[in-house]
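I have placed the structure first, in the form of structure tokens, so that the comments after it can refer back to it.
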Amino acid sequence: MRQVVDMTPEVEAALAGGRAVVALESTIIAHGLPRPENLNVAREIEDLVRQGGAVPATVAVLDGRICVGCSSDQLERLATDPGIGKASLRDLPLLLARRHSGATTVAATTAIAAAAGIPVFVTGGIGGVHRGAERSWDVSADLTVLGREPVAVVCAGAKSILDIGATLEMLETLGVTVLGYQTDRFPGFYIRKTEFPVDARVESAADAAAVVWARRQAGIPGGVLLVNPLPEAAALDGPQLEAAIGESLAEAARIGKIGKTLTPFLLARLREATAGRSLQANLALIRSNAELGARLAVALADLAGGPAGQGSR
């Protein structure tokens with residue numbers, strides 16, 4: 001994959017010097033947030049990673065080249081060009097061969113981060129097993145890639161529209177270690193905790209880094225999922241959220257929304273149903289994840305003997 005990668009000098013120098021680097025997806029820029037807030041947030045998240053002592057590497061495919069790290073102009077293009085679609089792992093060969101552009105999902109970004117040697121990836125929430133998957137077989141490629149690539153993914157759990165229990169069962173089957181950051185329960189994106197436990201609780205980024213490092217040193221394939229509950233002030237009410245999800249799923253079924261169009265549709269309907277509170281929750285959790293991801297990357301660089309260290313909390 002490195003033959004088709006364009007890496008910014010900042011990211012390349014950081015990796016060569018053993019400094020902390022954090023991969024960031026681009027789907028949230030192109031499809032996850034409304035304009036013009038999406039561009040402002042993209043730049044803010046990069047700034048938060050830098051403030052945490054790490055180098056941000058926003059990942060995207062532009063004109064048939066994989067970008068590991070994006071310039072300011074490239075971020076603006078991702079935020080404003082309506083022709084940029086979602087790119088999962090299966091889409092990358094098409095984009096590269098046809099010299100097209102795409103905003104990378106969790107699956108694609110994780111695979112690219114692994115190929116580039118970036119051990120930490122920050123996102124909002126992972127995809128997973130959709131409700132009703134026993135009929136539709138709608139299971140996100142995010143899960144299989146997490147089970148294959150040696151990347152630590154920081155997120156606020158799986159999106160609330162999914163079947164959380166089935167998603168965790170799949171993660172267990174694929175051998176992904178699920179760590180809860182200062183929580184015993186798996187968060188549900190817009191809510192701080194679900195009924196489902198995590199594999200283990202960690203109290204600091206350094207604790208999480210020790211687990212990631214041990215997995216790497218043991219040569220165990222696949223990654224670690226570090227789930228970080230969104231800030232309490234931004235969390236949504238669980239029963240009200242479930243009611244809104246049920247209505248959105250019923251509407252999606254009526255109009256035939258399936259595949260990669262389903263999740264954006266449901267998230268847009270939730271924004272309407274919650275009078276914008278779901279958007280504010282999304283913004284709060286991605287900021288919190290960026291801060292935690294930077295600390296995790298610094299702690300991992302410390303363990304690897306790199307010069308990143310001012311220590312981590």
If unit charges are put on Cβ atoms (+1 for Lys and Arg, -1 for Asp and Glu) and the dipole of region 181-233 is taken about its Cα centre, the option from 229, 212, 200 lying farthest towards the positive end turns out to be 212
If every Lys and Arg gets +1 and every Asp and Glu gets -1 at its Cβ, then about the Cα centre the chain yields a dipole, in debye to the nearest 20, of 400
With N residues in the chain, Rg(alpha-carbon) / (2.2 N^0.38 Å) equals 0.92
Cα-Cα pairs in region 88-161 separated by more than 14 Å, as a whole percent of all pairs, come to 63
Using the Cα gyration tensor of region 1-96, the equivalent ellipsoid's semi-axes, largest first and to the nearest Å, work out to 21, 18, 10
Here the tail fraction of P(r) beyond 16 Å, over all Cα-Cα pairs of region 23-69, rounds in percent to 40
The chain: antiparallel bridges as % of DSSP beta bridges, rounded to 5, reads 30
Dimensionless Rg/Rh of region 130-235, both radii on Cα and Rh by Kirkwood, sits at 0.97
Excluding ligands, DNA and RNA, the carbon-plus-sulfur percentage of the accessible area of region 100-188 with a 1.4 Å probe reads 51
For the chain, dividing by residue count, accessible area per residue (probe 1.4 Å) in Å² works out to 42
For region 200-265 (alpha-carbon point model, no solvent) the Debye-based log₁₀ I(q)/I(0) at q = 0.13, 0.21 Å⁻¹ works out to -0.69, -0.88
Projecting the Cα atoms of 23, 34, 8 onto the charge dipole of region 1-92, where Lys and Arg contribute +1 and Asp and Glu -1 at Cβ, the residue farthest towards the positive end is 23
Eigenvalues of the alpha-carbon gyration tensor of region 133-185, times 5 and square-rooted, give semi-axes in Å, largest first, of 19, 15, 10
Looking only at aspartates and glutamates whose Cα falls under 18 Å of residue 193's and that sit 8 or more positions away or on another chain, we get 163, 169, 184, 203, 232, 237, 242
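The values are calculated or read from the model by the stated rules, or taken from the named source; none is laboratory data. None of the values given here were measured: they were computed from a predicted structure. Quick reminder, even Gly has a Cβ in these numbers, built from the backbone with ideal geometry, and neighbours come from all protein chains shown. Accessible surface areas use protein heavy atoms only, side chains included; no ligands, DNA or RNA. Shrake-Rupley method; radii C 1.70, N 1.55, O 1.52, S 1.80 Å.
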